[in-house]
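Encoded as structure tokens, the structure appears first; notes follow it.
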Amino acid sequence: MNRHAKTLSTMLAVATTALLTGCSVATDGATNGTANEASHAVQDLRTAPVAQESSTVDKGNWPPATPPSGLAKGLSLPLEDYMQTYQDTVALDDAARHIQKQCMAGYGFTLTLPPAGSTPPPNDNDANIERRYGITDRATAAKYGYGLPDELQHQQGAELPKMTKEETEVFSGFTSLDPHDPDRAPAPSTYNGKSIHRNGCAGLADEQTGQSALDFSLAGRLDAETLTESQNTPEVKSVIAAWSQCMKTKGYTVDTPYNAIDLVPRAEGAVSQDEIDAALADIDCKQSTDLVKIWFDAETAIQKQQIADHQGELTKAKERGTTALTAAAKALAH
């Protein structure tokens, strides 16, 4: 996928976030996920006596909770309170990897895992507020056009180390780490006379941290729905039209901010001045029409109603996240 396509995917993929969580593998009936920030549990994780592997990672590229600059500076949608944050993802990953290593050591294996937090995404959660309404940061656009900073363009996610047949079976509870492997089968019930956990050490980590019970898909689904619904409100339709007219006065014909990325076709490689000029015009028109604020306000109203309609389910999911973070803190303390 070229840089242009990857950037568009980042701008529009607000309902899902592709992250490796806890170096876990697909298990029977397990749903990986993380809670939104649960302050007390997160604080426990920060002060846990066991040295966390993420402490060795450069956190300079971690996405902030809210944009620190640009037209979306400080903005946070109501549903973000019910989403996973990257900090929570790393906290749970730390605990899961700690449990996985201890579990594997119990079978005589030394497991080396990549540190949690080493491949951060460009946004803190599924809302992707930084680019939810298109690009919003002029300083970034002046350097990268519609693209992302170099350090965020090529994130592939952490990978599990290569394992022997026996290590794979003990770690995952299966004969292969690939859930799509047609020859994948359940692992033997024991290794050297010691019972193998039903889903291996990875499954044990999910259970002990509570990750196997987490599911934050509702918040993500509602978030995607509100973005679509907000585009049909009179105020958003009006401001998008005003933005489009502004772009026309600058020499660009484009109907919505999501299509602006295609104004200047380009190949893989360094960003062109033409792309930078288009990106700056895009942001300047957003500023002059107040597009981001108007769109954000319209969507905020819709999300508040969505939360009211689904309060019970959203709260339960968030509470399970809090429980998982607390369990993770306890795991790191042992």
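Data overview
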{"read-out": "Qualifying residue in the stretch 178-190 (condition: touching a Ser or Thr at 6+ places or on another chain (Cβ under 9 Å) and either of a type in the set (Val, Ile, Thr) or crowded, with 21+ Cβ neighbours inside 10 Å (or both))", "value": "yes"}
{"read-out": "Every residue from the stretch 240-253 that is surrounded by 13 or more Cβ atoms within 10 Å (Cβ to Cβ), not aromatic (Phe, Trp, Tyr) and not in a helix (DSSP H, G or I)", "value": "250"}
{"read-out": "Residue 117 of a type outside the set (A, V, I, L, M, F, W, C), assigned to a loop (DSSP other than H, G, I, E, B) and either touching an Asp or Glu at 6+ places or on another chain (Cβ under 6 Å) or closer than 26 Å to residue 284 by Cβ (or both)", "value": "no"}
{"read-out": "Complete set of residues in the stretch 282-320 that are among the aromatic types (Phe, Trp, Tyr) and touching an Asp or Glu at 6+ places or on another chain (Cβ under 9 Å)", "value": "295"}
{"read-out": "Residue match in the stretch 136-159 (condition: over 30 Å from residue 227 (Cβ atoms) and modelled with pLDDT under 95)", "value": "yes"}
{"read-out": "Scope the stretch 227-239; condition open to solvent by less than 90 Å² (accessible area, probe 1.4 Å), outside any loop (DSSP other than H, G, I, E, B) and either small (Gly, Ala, Ser) or touching a helix residue (DSSP H, G or I) at 6+ places or on another chain (Cβ under 7 Å) (or both); matching residues", "value": "227, 230, 235, 236, 238, 239"}
{"read-out": "Residues located in the stretch 270-279, provided they are open to solvent by 30 Å² or more (accessible area, probe 1.4 Å) and either touching a residue at least 24 places away in the same chain (Cβ under 8 Å) or within 19 Å of residue 292 (Cα to Cα) (or both)", "value": "271, 272"}
{"read-out": "Number of positions in the stretch 68-104 that are more than 23 Å from residue 324 (Cβ to Cβ) and either open to solvent by 20 Å² or more (accessible area, probe 1.4 Å) or modelled with pLDDT under 95 (or both)", "value": "7"}
{"read-out": "Selection count where residues are over 30 Å from residue 322 (Cβ atoms), in contact with a Gly (Cβ under 9 Å, 6 or more places away or on another chain) and β-branched (Val, Ile, Thr), scope the stretch 180-212", "value": "1"}
{"read-out": "Residue ID - nearest to the chain's Cα centre (by Cα), chosen from residues in the stretch 84-114 that are aliphatic (A, V, I, L, M) and assigned to a loop (DSSP other than H, G, I, E, B)", "value": "113"}
{"read-out": "Test: residue in the stretch 254-261 that is among the acidic types (Asp, Glu), in contact with a helix residue (DSSP H, G or I) (Cβ under 7 Å, 6 or more places away or on another chain) and in a helix (DSSP H, G or I)", "value": "no"}
{"read-out": "Residue under evaluation residue 201, criteria (1) at pLDDT 90 or above; (2) open to solvent by less than 70 Å² (accessible area, probe 1.4 Å); (3) not in a helix (DSSP H, G or I), criterion not met", "value": "(3)"}
{"read-out": "Conditions (1) in a loop (DSSP other than H, G, I, E, B); (2) within 23 Å of the chain's Cα centre (by Cα): number failed by residue 334", "value": "(2)"}
{"read-out": "Test: residue in the stretch 140-160 that is in a loop (DSSP other than H, G, I, E, B), open to solvent by less than 10 Å² (accessible area, probe 1.4 Å) and in contact with a strand residue (DSSP E or B) (Cβ under 8 Å, 6 or more places away or on another chain)", "value": "no"}
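The values are calculated or read from the model by the stated rules, or taken from the named source; none is laboratory data. Small disclaimer: the values here were computed from a predicted structure and weren't measured. Here the Cβ is made from the backbone with ideal geometry for all residues, glycine too, and neighbour counts use every protein chain on show. With ligands, DNA and RNA removed, areas are computed over all heavy atoms of the protein, side chains included. Shrake-Rupley method; radii C 1.70, N 1.55, O 1.52, S 1.80 Å.
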